[in-house]
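A quick write-up on the structure given underneath.
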Amino acid sequence: MLGLMQDWPLLCHKILDHAARQHGSREIVSRSVEGPILRTTYAQVRARALKVAQLLARDGFGEGDRIATLGWNTARHLEAWYGVMGVGGVYHTLNPRLFPEQIAWIMKDASDVALFVDLTFLPLAEKIVPQVETIRKVIVLTDAANMPQTTLANAIAYEDWLAGADGDFSWKTLDESAACGMCYTSGTTGNPKGVLYSHRSNVLHAMIACMPDAMGISCRDTVMPVVPMFHANAWGLAQSAPMIGAKLVMPGPRMDGEAIYELLDTERVTFTAAVPTVWMMLLSYLEETGKKLPYLNKVVIGGSACPRAMTQKFEANY
C-alpha cells in the first residue's frame, strides 16, 4: 500500500512556483552590472523565467542540454537558472576566476550548447567561445541600450531575446532524479571534475538549509547571498530563499566593503553569506568609517577557515 499524499516529483521550478504564489510581491533587489539598483519580485522573476524556458525550447534546447552561465548574482542570472531547469536543461555555472584555457576545457568537456554571460565577462567569453564548437547561442545579460559590439556569433541582448516570448509555457515534467545543475571542481587531482546536481538533491538541500540547525532562515529574513552562484550554487540560497519567501538582495559585481555595506544597510539585510576574503574587506570598511550593521542577525562564512578574530569583529559591529 502506498501513501499518495503530495505525490509529485521534487522539481526545482516548483520552488519558484511556490514563491510566486505565496510570496509573489516579495522583492528581489539587484545591483546591476550596468550600475543602477534594480527591483523585481518573485512573481515577475517566475514570469520571466517561463519566457527563458519558452525561448530555449523554441531555439531547440531541451532535456539534458548543458547551458552555461558566466555571471554575477543578479535577478537576471536567477531567471536564467530557473528557465534552464524548467525546460529540462542543466545550468552549468562557470567560475570566471579560472584561466581562460581552463574554462574553455571545462565547457568542451561538458559539451555546453549555449551561454548566458554578463557584460563584465564578455571579453572573456570572446576568447573562450570560439574554442567550444558545441556552443550555438550566446545571450548577453543586458538590454539593447547597453549591448556592446562583440565578435561572438549568434549573440543577442537578453532583454531583446526575452521580448520575443509571451511566457505561455508549461514547465517540463521531469523525473526528480534528472540533472538540473553542474559545476566543475578544481580542488581535485588531474583535470577538473564535473559534479551534477539533481532536482531532488537541490530541493532537499534547500529544505534542509532553511532549518534552524542549518542556516535557519525564514520569510521574515532579508537574505543577501554574496557567495557567487558559481560557487557551489551560492550554497543553495538561490533555492532556499524562494522556498521560504525571504526577500533577496543580489550584490552583482561589486564585492568591495563600501558596496557590500551599502546593500546590507539600505536593504536591512538580516542574513548574509560569503567567504572570509569578502568579510575582511567589509570589516576594514567598518573600522575606517565607524559604521555599524544594526539589522544583521547572522553571517555564514565558508570556503576556508574563519579566524576567531573575524567573528569577534562581527559581534562588535551588529
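Calculated from DSSP H runs of 4 or more alone, at -39500 (n - 2.57) each and per residue, what is the 222 nm mean residue ellipticity of the chain, nearest 500?
Rounded to the nearest 500, the figure is -11000 deg cm²/dmol.
Using a Förster distance of 41 Å, how high is the FRET efficiency between Ile37 and Met1, based on the Cβ-Cβ distance and rounded to 0.05?
For Ile37 and Met1, the calculated efficiency is 0.15.
With a 1.4 Å probe and every protein chain kept in, tell me what percent of the accessible surface of the chain is carbon plus sulfur.
For the chain, the apolar C and S fraction of the accessible surface comes to 52 percent.
With a ≥ b ≥ c taken as the square roots of the eigenvalues of the C-alpha gyration tensor of the stretch 71-156, please select rounded if a/c is under 1.5 and otherwise prolate if a/b is larger than b/c or oblate if it is not?
Judged from the Cα gyration tensor, the stretch 71-156 comes out rounded (a/c under 1.5).
With a probe of 1.4 Å, find how much accessible area the stretch 1-125 has per residue, and write the answer as a whole number in Å².
Heavy-atom SASA per residue in the stretch 1-125 reads 39 Å².
Which of rounded, prolate, oblate describes the stretch 228-318, given a ≥ b ≥ c as roots of the alpha-carbon gyration tensor eigenvalues and a/c under 1.5 marking rounded, otherwise prolate only if a/b is larger than b/c?
Prolate, because a/c is 1.5 or more and a/b exceeds b/c.
Can you spot the lysines whose alpha carbon is less than 22 Å from Lys51's alpha carbon? Ignore those fewer than 8 places along the same chain.
Straight-distance partners of Lys51: Lys14, Lys137, Lys172.
Per residue, what accessible area does the stretch 138-235 have, given a 1.4 Å probe and all protein chains present, in Å²?
Computed with neighbouring chains in place, this is 49 Å² per residue.
Normalised by the empirical 2.2 N^0.38 Å for globular proteins, what value does the Cα Rg of the stretch 107-263 take?
That ratio works out to 1.19.
Mind running the shape call on the stretch 61-111? Use the C-alpha gyration tensor, a ≥ b ≥ c as the square roots of the eigenvalues: rounded below 1.5 for a/c, prolate if a/b tops b/c, oblate otherwise.
oblate
List the relative contact order of the chain as a percent without decimals, with contacts defined as Cα pairs under 8 Å and 6+ residues apart.
Over the chain, the number comes to 18 percent.
Can you pull out the GluC sites (Glu not before Pro) in the stretch 120-175 that DSSP calls coil and that have at most 16 other Cβ atoms within 10 Å?
Of the GluC sites (Glu not before Pro), the ones in loops of the stretch 120-175 whose Cβ has at most 16 other Cβ atoms within 10 Å are Glu133.
The values are calculated or read from the model by the stated rules, or taken from the named source; none is laboratory data. These numbers were taken from a predicted model, which means no experiment stands behind them. We place every Cβ from the backbone using ideal geometry, glycine too, and count neighbours over all the protein chains shown. Calculation scope for accessible area: heavy atoms of the full protein, side chains included, ligands and nucleic acids excluded. Shrake-Rupley method; radii C 1.70, N 1.55, O 1.52, S 1.80 Å.
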